[in-house]
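Please read the structure below before turning to the comments.
Derivation of every value follows stated rules applied to the coordinates shown; laboratory data play no part. Everything numeric in this text was worked out from a predicted model, so none of it was measured. Positions of Cβ are generated from backbone atoms using ideal geometry, with glycine treated the same way; all protein chains shown enter the neighbour counts.
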Amino acid sequence: MPRPAVTPATAPSQQPADTAEHAAQPRPSAAPAFNRSLVVLDPAHGAQDSGSRIGDNLLEKDITLAFAFRLRSLLAARGLTVVLTRESDAATQSGSANTPLTLDDRAGIANHARAGACLLLHATGRGTGVHLYTSELDPAPAELTPTPWLTAQAAWVAASRQLEHSVSSALGRSHIAIVSSSASVRPVDSLTCPALVLELAPETADPHSISDAGYQERVAAAVAGALIFWQNQVQPPSRVAAAPSVKHTPTHHHVPVPTSTPQEPQP
């Protein structure tokens, strides 16, 4: 799947989308109650999908899972409920160790939780610090019922941008380098929650510094602090019913036949 060009950092890698999928996407019509004290963490990749290689021997799927565990511990200690889309390298819902979660699986888990914040965790060897991305979709004034799958995030874009600002400010106060941008990469556009792609990069020019425990703990502590503050600020969008499609019956009009042949216009 082509990845959008994002400046100054590249968009996080994604699993390739099947060209035949999404013909009939799930459309959640009745959302569960909004839970502002719940956070969904989605450690990208897993199983055969290792993501990018960082340095000589680090895999993105391992970095994202390790960081998710650190962040979950800090959030749980502060009283938030945390849902992980995967808790092992298996990364499956079916139990098959060789079948990674699809992007729609991940979005479905997040949407079912109706969380106050959803963080899609990625890692890269490019640049330093933390790269934050929100959706490129134009904000929508309300959430439609049923929700269109591939643009579900539109109603949450404004909240997602506020979440990005909160996390970015917290990272800045911790003196962690930040790059903020937007990118319409899946599954962020299908999420019905304030959603943010958080891509962890190395702390220094040494790519292996990305796995330094102290560095990851500082990033996780800053993010956790922002999310504690965020749970008291976030407001879900209003929900409205989508207008039913109207079928128009063609109307045939009688067109009079001219009595003389029209003359062609002269040049």
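Tabulated data
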quantity: For region 35-241: Kirkwood Rh in Å [reciprocal of mean 1/r, alpha carbons]; calculated: 16.9 Å
quantity: Cα-centre dipole for region 35-241 with unit charges at Cβ (Lys and Arg positive, Asp and Glu negative), debye to 20; calculated: 600 debye
quantity: Region 65-89 and region 198-215: distance between their alpha carbon centers, rounded to Å; calculated: 19 Å
quantity: Spacing of the two label points (7 Å from each Cα toward its C-beta) at Ser73 and Gln233, in nm; calculated: 2.7 nm
quantity: Residue-by-residue Karplus 3J(HN,Hα) for region 38-48, coefficients 6.51, -1.76, 1.60, Hz, glycine and proline x; calculated: 10, 10, 9, 10, 10, x, 4, 6, x, 6, 5
quantity: Residues Thr204 and Asp56, FRET efficiency given R0 of 25 Å [Cβ-Cβ distance, rounded to 0.05]; calculated: 0.95
